[in-house]
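Each reported figure results from applying straightforward, stated rules to the coordinates on display, with no laboratory input. Owing to the predicted nature of the structure, the values given are computational and were not obtained by experimental measurement. In this analysis, Cβ positions are derived from the backbone assuming ideal geometry, glycine residues included, and neighbour counts consider all displayed protein chains.
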Amino acid sequence: KDKLGNRSNASSEIELDNAWAVMVGEEGRGVRTIIEMVNHTRLDCVIGSASLMRHAVAQATLHTAHRSAFGKLLSEQPLMVNVLADLAIESEATTILMMRLAGAFDRASDPAEAHFRRIGVAIAKYWTCKRAIAVVAEALECHGGNGYVEESILPRLYREAPLNSIWEGSGNVNALDVLRAMQREPETLAAYLGEVETARGLDARLDRAVDLLKRSLANPDQLESRARLLVEQMAVLLQGSLLLRHGDPAVADLFCASRVAGERGHAFGTLEAGPELKSVIARHRPRL
């Protein structure tokens, strides 16, 4: 197939006509049987999105550290600092979520971890794959015209990013799968809330947002039409909880301010200015 991206991975279709096959699992329970494989490949999509973000942010932070405009390095200009820090925060939040999920897969014999994995991978698949597209686009813009030519790696990253949102179920499929998990396996929601609540008391903004989420979950009206918003909120709160417990304090604080409390605009580069932004960028700039 002549694809938008992912060209190094050939894709094709085959039609099986009167082919011999063996049934796997019980008749009528095909989805239930294959979901275990699907969950593993959904984790692959989350890992891929985290990797694309990390690569794009590394490219942007390195380029701006050597590119000058108006007599000053781009990386020293306040507005670019804001953009780069915002991108770095998004990348770091995705990486910590991906690592937590991978750990849950490793500990699948633990029932609580298995329940968390079941809902967590669909939440992360929905949100991180969408955020990767935006992060790569903004990182490309940090390069200006140099990022738009094929000599740069950015065009390939840009073409690659949307695919993870499509593989193993598009956004709607994963959002609805989260609802399905909560309705059919209530233990999954309990596992999710237990994970998020582990950070209770570490940040008042997160505490308020979790309480609001619980009230929203208790209202079944039009749940399906609100599925995307609900899953987005669940993803952001999970990232915030993980950063507060395991991440860099400055990154965790900025994440809770910008993503949990909403103290920012809709575009990257709309954080509240502060001296900690440069230290966040330094964590992501490659050291050559």
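Please work out which residue is nearest to PHE105 (Cα to Cα), limiting yourself to the stretch 20-35 and to residues that are among the aliphatic types (A, V, I, L, M) and assigned to a loop (DSSP other than H, G, I, E, B). Looking at the filtered set, the residue picked out is VAL24.
For the stretch 229-288, enumerate the residues that are in a helix (DSSP H, G or I) and polar (S, T, N, Q).
In the first step, residues of the stretch 229-288 are kept if they are in a helix (DSSP H, G or I); the result is 229-246, 249-260, 276-282.
Those that are in a helix (DSSP H, G or I) and polar (S, T, N, Q): GLN233, GLN239, SER241, SER258, SER279.
Within the stretch 74-90, the set of residues being small (Gly, Ala, Ser) and surrounded by fewer than 24 Cβ atoms within 10 Å (Cβ to Cβ) comprises SER75 only.
No other residue among VAL38, VAL57 is out of contact with any helix residue (DSSP H, G or I) (no Cβ under 8 Å at 6 or more places or on another chain) and in a helix (DSSP H, G or I) apart from VAL38. If only residues of the stretch 141-162 that are buried (at least 21 other Cβ atoms within 10 Å of the Cβ) and aliphatic (A, V, I, L, M) are counted, the one that is nearest to GLY48 (Cα to Cα) is ALA161.
Residue by residue, here is whether (1) part of a loop (DSSP other than H, G, I, E, B); (2) touching a Leu at 6+ places or on another chain (Cβ under 6 Å); (3) not β-branched (Val, Ile, Thr) holds:
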{"residue": "ALA132", "(1), (2), (3)": "no, yes, yes"}
{"residue": "GLY169", "(1), (2), (3)": "yes, no, yes"}
{"residue": "ASN172", "(1), (2), (3)": "no, no, yes"}
{"residue": "ARG208", "(1), (2), (3)": "no, no, yes"}
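Just need a number here: residues in the stretch 36-54 that are touching a Lys or Arg at 6+ places or on another chain (Cβ under 8 Å) and surrounded by fewer than 14 Cβ atoms within 10 Å (Cβ to Cβ). Number satisfying all stated conditions: 0. Determine if the stretch 106-114 includes at least one residue that is crowded, with 22+ Cβ neighbours inside 10 Å, touching a helix residue (DSSP H, G or I) at 6+ places or on another chain (Cβ under 6 Å) and not charged (D, E, K, R). No, that holds for no residue.
With respect to the conditions (1) in a helix (DSSP H, G or I); (2) buried (at least 21 other Cβ atoms within 10 Å of the Cβ); (3) without any contact (Cβ under 8 Å) to a residue 60 or more places away in the chain, LEU212 falls short on a single one, namely (2).
Scanning the stretch 190-206 for residues that are of a type outside the set (Val, Ile, Thr) and either outside any helix (DSSP H, G or I) or buried (at least 20 other Cβ atoms within 10 Å of the Cβ) (or both) turns up ALA191, TYR192, GLU195, ALA199, ARG200, GLY201, LEU202, ASP203, LEU206. For the stretch 10-35, filtered to residues that are surrounded by 10 or more Cβ atoms within 10 Å (Cβ to Cβ) and of a type in the set (D, E, K, R), the residue that is nearest to the chain's Cα centre (by Cα) is ARG32.
Here ARG67 qualifies as surrounded by fewer than 19 Cβ atoms within 10 Å (Cβ to Cβ) and within 19 Å of SER152 (Cα to Cα).
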